[in-house]
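K.L.:
Quick one: structure below, then a few questions.
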Amino acid sequence: MKEKIKVTVNGELRSEEVTPNQTLLNFLREDLDLTGAKNGCNEGECGACTVFLEGKVVNACLVLAIEADGKEVETIEGLASGTELHELQQAFIDYAALQCGYCTPGMIMSAKALLNRNPNPTREEVKEAIAGNLCRCTGYEKIIEAIIAVAEKNS
Amino acid sequence: MINNFEYFKPSQVKDVASLLKAYADNIKVLAGGTDLLVAMQEGDLAPDYIVDIKGLTDIDRIKYDKENQILRLGAATSLNDIAASKVVQKHWPLLAEAAQTVGSYQLRNRATIGGNLCNSSPAADTLAPLVALEAEVEMVGLEGSRIMKVKDFLVGPGQNRLSTGEIVTELRLPKPSGAVKGRYIKHSRRKAVDLATVGVAVIAEEGDLGYRFKVALGAVAPTPIRAYQAEKILNESELNEDIIDKAVQAAGEAIFPITDLRASKDYRLKMVKVQLRRAIEKVIDSWE
Amino acid sequence: MGKVIGKSVNRKDGVEKVTGAARYVDDMKFPNLLHAKVLRSPYAHARILEVDTSRAEALPGVKAVITGRCFPNITGLYIGDRTVLAQEKVRYVGDPVAAVAAETPEVAEQAVELIEVEYEELPGLFNPCEAMQEDAPLIHENINQYNHADFIDPVPDSNISNHFKLRKGDVEAAFAEADYIFEDEYQTPMVQHVPIETHSTIARYNLDGKLKIWASAQSPDALRELLGVIFNKPLNQIQVETVPIGGGFGGKAGLTPETPIAICLSSLVRERPVKLTYSRQEEFHCATVRPGIYANYKTGVKEDGDIVAQEIEYIWDAGAYNDYAVNVTKTGGYSCSGPYEIPNVKADSYCVYTNHPVSGAYRGFGMCEVHWGIEQHLDSIAEELGLSPLEIRLKNALQDGSLTVTSEVMQDVAYSECLEVTAEQIELEKEEESTSPTKLRGKGIAGAYKGPSTPPNASSSALIQILADGSINLIITATEMGQGTYTSLAQIAAETLGVAIDDINVSTPNTDYTPHDWQTVGSRTVFSTGNAVVRAAEDAREQLFDYAAEDLGVEAADLDIEEGIIFDTTEPANEDKRVPISKYALGLQYADGSGRGGQVIGRGIYMPEGITNLDEYGQGKTVNHWTFGCHGAEVEVDTETGQVEVLKMTTTFDLGKVINPQLAEGQLEGGLVQGYGTAILEELIIEEGEVLNNSFVDYKIPTAMDIPEIKSNMLETALEEGPYGARGIGEPAMIPAAPAIANAVYDAIGVRIKELPITPEKILQALAEKESKG
Ligand SMILES: Cc1cc2nc3c(=O)[nH]c(=O)nc-3n(C[C@H](O)[C@H](O)[C@H](O)COP(=O)(O)OP(=O)(O)OC[C@H]3O[C@@H](n4cnc5c(N)ncnc54)[C@H](O)[C@@H]3O)c2cc1C
Ligand code: FES
Ligand code: FES
């Protein structure tokens, strides 16, 4: 039982077939081989699967692929332009805001969503914005610094 | 692992209602999916049909109805939209505050107010505020629509007054007549992305006779409840420490908390009292 | 020196990780991949009477089904007490009983549900203090037959998988002379590592018998050796490749069961890779956990705070299989008193089988558990004697020349400085105003020490290959799980060789090509592999200098390398005697077209010297180096809700030499926050063997909202044997976090929480008890 969907992923319009029970996360990872978004829990708790859907960050593990029909999805793979890293990506490297890297794609997406809606966040606002992204390695400190650095650079 | 199902996304309420009627126990309404899909992942639910209501007109609209002086929240309005809405922040700050405490930012982009209501968890964060605000639910089915108080809509954990074939289309909040001050305190184990151990909603509305309190409590009974006795004590006397004490005591007597992984019954009982007092004091502070 | 070392160079794996390009095991695809699922025991302790897999086998899409009988070989890291799948008995809820490989994960899951198992339930043992009793029923009936490392001592016919004994001095006599004797009990529960990447593996059994494994495994070599035993295979027939690991913290060290399960399945469908990735639920209770501990202390002190005697009993709730935990508990035993000099010590550390989840290595390797008690016990003694927490620690702290509990002589110790720096920075003596009348402020410190806790002969090796253009491959089997291995080892290589950091590429561990490294655990990599890298680089330099000496007519001893240029140190400006290393990368070329030698391949090996197993009294030198440090915490306790807010934490560790300040600080911060998690939030809630909170809904780890303000200090007291003086720092910052917070809580409210975690309910109860006592 497959259904056809049309979805724009990282700027590219794609026609694909999905089964209704497939999550957006599964679709991205298994069908499109976009494995940047991770499955850390499959129940909305860890944020490792965070991607943009219609310009808003969501937990891709709690969205059905079929719901993305006619919509736009942006994943970590779409963030850099060519070999030029997005400024958040560069800041994560410069501030050592990643260790194992498993939370990093989701974390960067949440950070991007924050700066989209609030280009000048306070430290507290940064913490709130990434509270849905669990990181077991860094203790968050350097992640917060990296995000604030990008905001400050742009203001 | 989610069992496979057939997916519908009608644009007419009547089509939703027909599907619900036709498939009865074998179909589920999908709003944000943040409760439903988790339950399906865990195998607790395995419907053969899913009807997505996000295609319905105005289902995610926030609208202030001037004529009737009510706020209309489409059932599938996301909690982030509610939290960020200027009109909600202005007249129903309690609701905006509570919406903001649900899960994480990315979760709230999906999680809806109707879903929070229809999932009918005693710990759901918007429900105690909705009860305190005397919100009403509009339900629509093939036979038409009906309206009910949120307080009456909720029956028990996961249980409500929706009949087969019905969905919630809208929540309605009466505009307060005077200034209102409100406070939602969510007591939980962790500062973010945690369920409420206890939720306390307090509002005070300015009227001719001064401020009138409404109090609702979450996660301490099978449904969020109004603490009428506590309200009465607060509204019928000159406010002082002693009166607040009495009100808090009365609230403690109105609840039936349970012990679960999150907290013991005894702790919940204590926290209702502590947080209710704090909420009342904060509300008083804010009008002074 | 100091060109690359001591600099915060960017991570080698930064770009691939921020772009989502990094492929972790679960991200890997193969056209003919099969998916595995495991059937697990619903009982904590039961006999398996019958397993019927026929319905599962008949399901279309199912390719292989295995049960315990298929693969009976017993193995284990330090004690061979495990099989791939449970054989006759299951010993914990989650014990793997059967497994399926199928075309899709869905089919595999359905098939697992079709397997029927008949069990006969047995009484479970859930408390190690009871399980260790002589008359307790045995969880492992064959304990007497199990093979084990020579430094592990199982007690015959018991549930004690290891009894570590330590006897130093004369405790009885010292107690008799003590002015005061204090006794105390502490406990910690089992906790989970919770890497964000769950355990994942892919195994392919080739037709020619060769095994290929891609695993999220910290220790490719140890894994290969254990697999060799299970599958009776020469090691060169097993290839383990480690791709980036999404967090390990010890939980992916040693032998983790997912890999042998996947191999067994693949052996039935040769050439088809089989993937097994744990669900988050499985991760919580079927992946290794940290053991629980019941710790009892009896301490004799002099009036002035001098500790003269200590008697310690550690009873570990090590769960169903103890192949790794036996060494955790031994390490807890030989580090039993913490970083203090105590002349007379008697300690017994018992590793006990229970019907709880399997425990093993977790960041700190026993040290978090023992310091929880030690560091609080010290504070309570200090209070009784009228000393400050700092005074009692300084009075007894290990220093140069001190003897540890195993009578090892200490050198290059800066523990006292760590204590002083922390105490000063958090202004330990200064009382802070709280923000509300119902909240109380407090401050506390706690110290820690830790060694790499490896067997004495654990070794490392490294190869350095210079390529034709002078670029360099550093070839190692130490794994990258976030701690920055590739980057810090590349820095060591670059520094020693005299080349730029960007000239170094670090290989991904693959046991077919990369040289042996015992395990990537115990904060040993910068130290042990780092030493091997230094030697490999020195070896490569010698080879380069040999060629250059002949070519340039300069004594080899006069040559040096900077920025990849070999030059004559007696005439550094002479352009004729400055040549890039590329010139000799493939050997020396003569004018007539002939040449000498060949590629420059530096080889470095390292095994610590001068350490051995301990004697029967637990005496001797078995630790190659120690890392010392101290945390300070400032908390605010809400006396009405019992909630503890950790406002600030200061961490001071002596790193010997900071190879990369940013990465090192990341280890301190990450370790501290993990320690904070165990202090305030984390615990596996287990009832009759069943883990009740095996999901993120009820097992909470810290979010960004929870973290305190953190200040880190890094001291550098060079370790003579360390590469550039460096010590291990991966684990230590986790250790003193919980006791520092507990001490601060005590300072705030005057009651001591002796059982982790420090929950609001425990605080309220303790306050109520205090009140009722007046
Ligand atoms: C990680 C995580 C954290 C969470 N944290 C919180 C929290 O802090 N506080 C909290 O209160 N909740 C929390 N939740 C629960 C959940 O997010 C909320 O209850 C949310 O509001 C549900 O909305 P939804 O639109 O996603 O509901 P759905 O999952 O779409 O629906 C929930 C239920 O209601 C039914 N339903 C939905 N809409 C309608 C309708 N209009 N008419 C009839 N039936 C309908 C569905 O059939 C389903 O049974 C959390 C969930 C997750 C996964
Ligand atoms: S995988 Fe989606 S939130 Fe964890
Ligand atoms: S870097 Fe490992 S989980 Fe965040």
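The values are calculated or read from the model by the stated rules, or taken from the named source; none is laboratory data. The shown structure was predicted, so the numbers you read here are calculated from the model rather than taken from an experiment. Glycine also receives a Cβ, built like all others from the backbone with ideal geometry; neighbour counts cover every protein chain displayed. Accessible surface areas use protein heavy atoms only, side chains included; no ligands, DNA or RNA. Shrake-Rupley method; radii C 1.70, N 1.55, O 1.52, S 1.80 Å.
K.L.:
Look through C:GLU313, C:GLU271 and report the one residue that is outside the structural domain of C:PHE696 (by TED's automatic domain parsing) and either within 16 Å of ligand 3 (Cβ to nearest atom) or open to solvent by 50 Å² or more (accessible area, probe 1.4 Å) (or both).
P.N.:
Working: C:GLU313 fails: outside the structural domain of C:PHE696 (by TED's automatic domain parsing).
Selected residue: C:GLU271, the only one of C:GLU313, C:GLU271 that is outside the structural domain of C:PHE696 (by TED's automatic domain parsing) and either within 16 Å of ligand 3 (Cβ to nearest atom) or open to solvent by 50 Å² or more (accessible area, probe 1.4 Å) (or both).
K.L.:
Condition first: among the β-branched types (Val, Ile, Thr), open to solvent by 20 Å² or more (accessible area, probe 1.4 Å) and within 16 Å of ligand 2 (Cβ to nearest atom). Can you find one or more residues in segment B:78-95 that meet it? I'd like the intermediate steps shown before the answer.
P.N.:
First, the residues of segment B:78-95 that are among the β-branched types (Val, Ile, Thr): B:82, B:87-88.
Filter again for open to solvent by 20 Å² or more (accessible area, probe 1.4 Å), leaving B:87.
Still in the list and also within 16 Å of ligand 2 (Cβ to nearest atom): none.
No, segment B:78-95 has no match at all.
K.L.:
Quick check on my filter: what residues within segment B:34-74 are over 22 Å from B:LEU20 (Cα atoms) and surrounded by fewer than 15 Cβ atoms within 10 Å (Cβ to Cβ)?
P.N.:
Passing the criteria: B:GLU42, B:ARG61, B:LYS63, B:ASP65, B:LYS66, B:GLU67, B:ASN68, B:GLN69.
K.L.:
While we're on this one: Looking only at segment C:627-649, count how many residues are within 14 Å of chain A (Cβ to nearest Cβ), open to solvent by less than 10 Å² (accessible area, probe 1.4 Å) and not aliphatic (A, V, I, L, M).
P.N.:
1
K.L.:
Working only within segment B:32-72, note down all residues that are within 16 Å of ligand 2 (Cβ to nearest atom), at the interface with chain A (Cβ under 9 Å from one of its Cβ atoms) and either part of a loop (DSSP other than H, G, I, E, B) or among the charged types (D, E, K, R) (or both).
P.N.:
Answer for segment B:32-72, where residues must be within 16 Å of ligand 2 (Cβ to nearest atom), at the interface with chain A (Cβ under 9 Å from one of its Cβ atoms) and either part of a loop (DSSP other than H, G, I, E, B) or among the charged types (D, E, K, R) (or both): B:GLY32, B:GLY33, B:THR34, B:GLU42.
K.L.:
Follow-up question, since we're still on this one. Considering only segment C:3-55, state which residues are basic (Lys, Arg), in a loop (DSSP other than H, G, I, E, B) and within 14 Å of chain A (Cβ to nearest Cβ).
P.N.:
Passing the criteria: C:LYS7, C:ARG11, C:LYS12, C:ARG23, C:LYS29.
K.L.:
Moving to a separate point now. Answer yes or no as to whether A:THR50 is closer than 30 Å to C:TYR486 by Cβ, in the same structural domain as A:TYR140 (by TED's automatic domain parsing) and within 16 Å of ligand 3 (Cβ to nearest atom). Walk me through how you get there before you give the answer.
P.N.:
Numbers: closer than 30 Å to C:TYR486 by Cβ: yes; in the same structural domain as A:TYR140 (by TED's automatic domain parsing): no; within 16 Å of ligand 3 (Cβ to nearest atom): yes.
No, not satisfied.
K.L.:
Residues of segment C:392-421 being farther than 19 Å from C:TRP626 by Cα and open to solvent by less than 20 Å² (accessible area, probe 1.4 Å), which ones?
P.N.:
C:ILE392
K.L.:
Related question: If I ask for residues that are closer than 15 Å to B:PRO122 by Cβ, outside any loop (DSSP other than H, G, I, E, B) and touching a Leu at 6+ places or on another chain (Cβ under 9 Å), which ones from segment B:258-281 would you list?
P.N.:
B:VAL272
K.L.:
Evaluate segment A:94-102: report whether one residue or more is aromatic (Phe, Trp, Tyr) and within 16 Å of ligand 3 (Cβ to nearest atom). Outline the logic, then answer.
P.N.:
Restricting attention to segment A:94-102, the residues satisfying the condition of being aromatic (Phe, Trp, Tyr) are A:95, A:102.
Checking the rest, the ones that are also within 16 Å of ligand 3 (Cβ to nearest atom) come to A:95, A:102.
Checking segment A:94-102: at least one residue is aromatic (Phe, Trp, Tyr) and within 16 Å of ligand 3 (Cβ to nearest atom).
K.L.:
Does A:GLU72 satisfy being within 7 Å of another protein chain (Cβ to nearest Cβ), in contact (Cβ under 8 Å) with a residue 60 or more places away in the chain and farther than 25 Å from C:SER695 by Cα?
P.N.:
no
K.L.:
Continuing with the same structure: Return yes when B:THR197 is of a type outside the set (D, E, K, R) and either surrounded by fewer than 19 Cβ atoms within 10 Å (Cβ to Cβ) or more than 18 Å from the chain's Cα centre (by Cα) (or both) and no when it is not.
P.N.:
Values: of a type outside the set (D, E, K, R): yes; either surrounded by fewer than 19 Cβ atoms within 10 Å (Cβ to Cβ) or more than 18 Å from the chain's Cα centre (by Cα) (or both): no.
Answer is no for this residue.
K.L.:
Looking at segment C:676-698, which of its residues are more than 10 Å from chain A (Cβ to nearest Cβ), under 23 Å from C:GLY629 (Cβ atoms) and open to solvent by less than 10 Å² (accessible area, probe 1.4 Å)?
P.N.:
Step one: list which residues in segment C:676-698 are more than 10 Å from chain A (Cβ to nearest Cβ), which gives C:678-694, C:698.
Now drop any that are not under 23 Å from C:GLY629 (Cβ atoms), which leaves C:678-682.
Of everything in segment C:676-698, those that are more than 10 Å from chain A (Cβ to nearest Cβ), under 23 Å from C:GLY629 (Cβ atoms) and open to solvent by less than 10 Å² (accessible area, probe 1.4 Å) turn out to be C:THR678, C:ALA679, C:GLU682.
K.L.:
Of the conditions (1) closer than 25 Å to B:VAL193 by Cβ; (2) assigned to a strand (DSSP E or B), C:PHE653 clears all except one; give me its number.
P.N.:
If we test C:PHE653 against (1) closer than 25 Å to B:VAL193 by Cβ; (2) assigned to a strand (DSSP E or B), just (1) comes out false.
K.L.:
Picking from B:GLU42, B:GLU6, which residue would you name as being under 30 Å from A:THR50 (Cβ atoms) and either within 13 Å of ligand 1 (Cβ to nearest atom) or touching a Leu at 6+ places or on another chain (Cβ under 8 Å) (or both)?
P.N.:
Among B:GLU42, B:GLU6, only B:GLU42 is under 30 Å from A:THR50 (Cβ atoms) and either within 13 Å of ligand 1 (Cβ to nearest atom) or touching a Leu at 6+ places or on another chain (Cβ under 8 Å) (or both).
K.L.:
Let me ask something additional. List, please: which pairs have Cβ atoms under 6 Å, are six or more places apart or on different chains, and start with a residue in segment A:117-144 that is among the hydroxyl-bearing types (Ser, Thr, Tyr) and end with one that is more than 16 Å from ligand 1 (Cβ to nearest atom) and not in a helix (DSSP H, G or I)?
P.N.:
A:THR138/A:GLN99; A:TYR140/C:ILE707
K.L.:
Which condition from (1) of a type in the set (S, T, N, Q); (2) in contact (Cβ under 8 Å) with a residue 24 or more places away in the chain; (3) surrounded by fewer than 18 Cβ atoms within 10 Å (Cβ to Cβ) is the one that C:SER712 breaks?
P.N.:
That leaves (3) as the condition not met.
K.L.:
Scan segment B:255-286 for residues that are touching a residue at least 24 places away in the same chain (Cβ under 8 Å) and open to solvent by 70 Å² or more (accessible area, probe 1.4 Å) and report the count.
P.N.:
Selection size over segment B:255-286: 2.
K.L.:
Also, quick follow-up: Go through segment A:50-68 and report how many residues are within 11 Å of chain C (Cβ to nearest Cβ) and within 14 Å of ligand 1 (Cβ to nearest atom). Let's see the steps before the verdict.
P.N.:
At the first step, the residues of segment A:50-68 found to be within 11 Å of chain C (Cβ to nearest Cβ) are A:51, A:61.
So of that shortlist, the ones also within 14 Å of ligand 1 (Cβ to nearest atom) come out as A:61.
Count: 1.
For (1) open to solvent by 10 Å² or more (accessible area, probe 1.4 Å); (2) within 23 Å of B:ASP194 (Cα to Cα); (3) out of contact with any Lys or Arg (no Cβ under 7 Å at 6 or more places or on another chain), each residue gets a yes or a no:
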{"position": "A:LEU62", "(1), (2), (3)": "no, yes, no"}
{"position": "A:ALA80", "(1), (2), (3)": "yes, no, yes"}
{"position": "A:THR83", "(1), (2), (3)": "yes, no, yes"}
{"position": "A:LEU134", "(1), (2), (3)": "no, yes, yes"}
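K.L.:
Still on this structure, please answer the following. Kindly indicate whether any position in segment A:25-38 is more than 7 Å from every other protein chain (Cβ to nearest Cβ), open to solvent by 10 Å² or more (accessible area, probe 1.4 Å) and within 16 Å of ligand 1 (Cβ to nearest atom).
P.N.:
Looking through segment A:25-38, none of the residues is more than 7 Å from every other protein chain (Cβ to nearest Cβ), open to solvent by 10 Å² or more (accessible area, probe 1.4 Å) and within 16 Å of ligand 1 (Cβ to nearest atom).
K.L.:
On the given criteria, is C:HIS193 within 16 Å of ligand 3 (Cβ to nearest atom), crowded, with 18+ Cβ neighbours inside 10 Å and not basic (Lys, Arg)?
P.N.:
Details: within 16 Å of ligand 3 (Cβ to nearest atom): yes; crowded, with 18+ Cβ neighbours inside 10 Å: yes; not basic (Lys, Arg): yes.
Spelling it out, C:HIS193 is indeed within 16 Å of ligand 3 (Cβ to nearest atom), crowded, with 18+ Cβ neighbours inside 10 Å and not basic (Lys, Arg).
K.L.:
For residues that are polar (S, T, N, Q), within 15 Å of ligand 2 (Cβ to nearest atom) and within 13 Å of chain B (Cβ to nearest Cβ), scanning just segment A:92-141, find the one that is farthest from the chain's Cα centre (by Cα). Let's see the steps before the verdict.
P.N.:
Start the filter on segment A:92-141 by keeping residues that are polar (S, T, N, Q), which leaves A:99, A:104, A:110, A:116, A:118, A:120, A:122, A:133, A:138.
Next cut, within 15 Å of ligand 2 (Cβ to nearest atom) only: A:104, A:110, A:133.
If we keep only those that are within 13 Å of chain B (Cβ to nearest Cβ) too, we end up with A:110, A:133.
Working: A:SER110: 6, A:ASN133: 10 Å.
Ranking the candidates gives A:ASN133 first.
K.L.:
Enumerate the strands (runs of 3 or more DSSP E) found wholly within segment B:115-187, keeping only those where 2 or more residues are surrounded by 24 or more Cβ atoms within 10 Å (Cβ to Cβ) and either within 14 Å of chain C (Cβ to nearest Cβ) or more than 16 Å from ligand 2 (Cβ to nearest atom) (or both). Even if it seems obvious, please write down each step before you answer.
P.N.:
Values: elements: B:136-141, B:144-149, B:154-156, B:167-174, B:180-187.
Where strands (runs of 3 or more DSSP E) fall fully within segment B:115-187 and carry at least 2 residues being surrounded by 24 or more Cβ atoms within 10 Å (Cβ to Cβ) and either within 14 Å of chain C (Cβ to nearest Cβ) or more than 16 Å from ligand 2 (Cβ to nearest atom) (or both), they are B:167-174, B:180-187.
K.L.:
Would it be correct to say that B:ILE255 is closer than 26 Å to B:ALA124 by Cα and of a type in the set (Val, Ile, Thr)?
P.N.:
Working: closer than 26 Å to B:ALA124 by Cα: yes; of a type in the set (Val, Ile, Thr): yes.
Yes: the conditions hold for B:ILE255.
K.L.:
Which numbered condition in (1) of a type outside the set (D, E, K, R); (2) away from ligand 2 (no atom under 16 Å from the Cβ); (3) touching a Ser or Thr at 6+ places or on another chain (Cβ under 8 Å) is the only one that B:ALA192 fails?
P.N.:
If we test B:ALA192 against (1) of a type outside the set (D, E, K, R); (2) away from ligand 2 (no atom under 16 Å from the Cβ); (3) touching a Ser or Thr at 6+ places or on another chain (Cβ under 8 Å), just (2) comes out false.
K.L.:
Residues being among the hydroxyl-bearing types (Ser, Thr, Tyr) and over 28 Å from the mean Cα position of the chain (by Cα): count how many of those fall in segment C:171-214.
P.N.:
Here is the first cut: in segment C:171-214, the ones among the hydroxyl-bearing types (Ser, Thr, Tyr) are C:180, C:186, C:188, C:198, C:200-201, C:205.
Next, only the ones that are over 28 Å from the mean Cα position of the chain (by Cα) stay: C:180, C:205.
So the count comes out to 2.
K.L.:
List, please: which pairs have Cβ atoms under 6 Å, are six or more places apart or on different chains, and start with a residue in segment B:92-106 that is within 14 Å of another protein chain (Cβ to nearest Cβ) and hydroxyl-bearing (Ser, Thr, Tyr) and end with one that is part of a helix (DSSP H, G or I) and within 16 Å of ligand 3 (Cβ to nearest atom)?
P.N.:
Hits for this filter: B:TYR105/A:ALA129.
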